[in-house]
């Protein structure tokens, strides 16, 4: 894996399912549809999780970048 | 669904009802009338909710972007 | 109601009474006299409220934008 | 009172006594001598207050803007 | 070791294993694949640790720079 | 005292002893040697204080501006 | 000691041992190898300390500027 910049990793993950962890401890899983330099993202078929269990299904979800800790493939 | 940038998802949601979750745990539902690159938004017919119940009706409401965690269709 | 940008909603509210909620839980009501792109605002005949009751009358009050959660017509 | 921008209200208050409330709950009263677009301010004959009582006299005091919630005439 | 700028140290660490500590107290170890001026980073073969023990394996992980305290070779 | 901008007050305090209060409640006293627009400062012969008592002597100390609440002559 | 700007003090400290205190209360000592305008720094032979005792040795360590309160010669 060769990456020039961190956002290249998000580009590689586009249209794939990712897990997103927020500063408030919440987790969202979904298909990564879009991101920008602020790390604002849009997930499709998003679901909120807690301790491995789905708590809520949310559909297309915009998440503000400054709330995000990490993004990793599901 | 093809999106170039995260704000495109907000553009698709314009004039539709959305649910907005804030960093302080509060939720607002309303029709998305406007947004900008800071994710400042305006909701029409906004209502504040807690645990699925309407707590307050607010009308046209400006919400400052840096308080927002996520925006999703209602 | 048609709005291009969120600040247009504040422009529509100029010289009208608004309710402003801050991140620290406090509420201020007053006539919206001015705002800028940081959402710094000035209220005239401002009053601080808690649970629907007026706690303090403040007159012309400058409120720094980064403390604000939302602004809505009173 | 007609104001174009919020900082105009601070300009009107220059050389008058104001009350400044900070995010940490502290209050400072003094004569407003200077301010800038970050809402950094300088108070002359500043005093720190708690519950209406003067706790400390501070003289010329520079207060960093990002600690400020509101500024109002004393 | 001569460095002109702090990011030079991250460049020296590229493709080597590093330990990353976050503001929320969590630690991530992995191979540093990319970074930018915001200190956004990508780790390969990332694992989350607590008190020296591996809690989770995460694979390729994007970590937002503003959550990071320090980065050091493992 | 006439000031155009808040940083003018810091310029007047250069090479004089000041008291600096931080967001975490700590106080530092020392001779103000330098400052910039972020309110980063350098104190010479700095000492950390708590409740009027010197806790530690620190010598030349760089303090990051975003940790500062206020700066006042000692 | 004459300084034009605060970062000049960091320049004077380059290649000397410094003590760095973070917003989370942690302390790091090490040789200052690099810094930038965000106060991102790199320490060589860094060690984490608590109450005067060394807790961990870290080697070359990048510390993100926005976590730093102060930097002073050891």
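Calculated FRET efficiency, residue E:11 and residue B:56, Cβ-Cβ r, R0 60 Å, to nearest 0.05? Mind dumping the intermediate values first?
Values: r = 52 Å, r/R0 = 0.87.
Efficiency, from the Cβ-Cβ distance: 0.70.
Just to be sure I understand: if I project the alpha-carbon convex hull of the protein assembly as shown onto a plane and average over all orientations, what area do I get in nm²? Show your work: numbers first, answer last.
Working: hull surface 99.5 nm².
That works out to 24.9 nm², a quarter of the Cα hull's surface.
Using alpha-carbon pairs under 8 Å, 6+ residues apart, how would you state the relative contact order of chain A in percent? It would help to have the intermediate numbers written out before the result.
Details: 147 pairs, mean separation 22.5, N = 74.
In percent, rounded to a whole number, it is 30.
Treat each spin label as a single point 7 Å out from the Cα along the C-beta direction, and report the residue B:37 to residue E:2 distance in nm.
4.0 nm
For region G:12-74 and region F:14-44, what is the separation of their Cα centres, given in Å?
Between the Cα centres of region G:12-74 and region F:14-44 lies a distance of 19 Å.
Where does chain A land at 222 nm, in deg cm²/dmol rounded to the nearest 500, when only DSSP H runs of n ≥ 4 count, each adding -39500 (n - 2.57), divided by all residues? If you can, show how the numbers build up before the last one.
Numbers: 1 runs with 8 residues, N = 74.
The helix-only estimate for chain A comes to -3000 deg cm²/dmol at 222 nm.
For region B:18-34, list residues with backbone N below 18 Å from a point placed 7 Å from the Cα of residue B:45 toward its Cβ?
B:18-20, B:28-34
Could you put C:26, D:56, F:64 in order, starting from the residue whose Cβ has the fewest other Cβ atoms within 10 Å? Walk me through the numbers before you get to the answer.
Working: C:26 17, D:56 11, F:64 23.
Ascending number of Cβ neighbours within 10 Å: D:56, C:26, F:64.
Nearest the rotation axis from G to D, which residue of chain G has its beta carbon, and at what whole-angstrom distance?
Result for the G and D rotation: G:66, 8.
Once the convex hull of the C-alpha atoms of region F:6-73 is built, how many Å³ does it hold per residue, rounded to a whole number? Don't skip to the end; give the middle numbers.
Details: hull volume 4.9 nm³, N = 68.
Once divided by residue count, the hull of region F:6-73 is 72 Å³.
Quick note: the coordinates plus some simple rules give every number you see, no bench work behind them. As the structure is a prediction and not an experimental result, all values here were calculated from the model. Cβ coordinates were reconstructed from backbone atoms using ideal geometry, including for glycine residues, and neighbour counts include every protein chain displayed.
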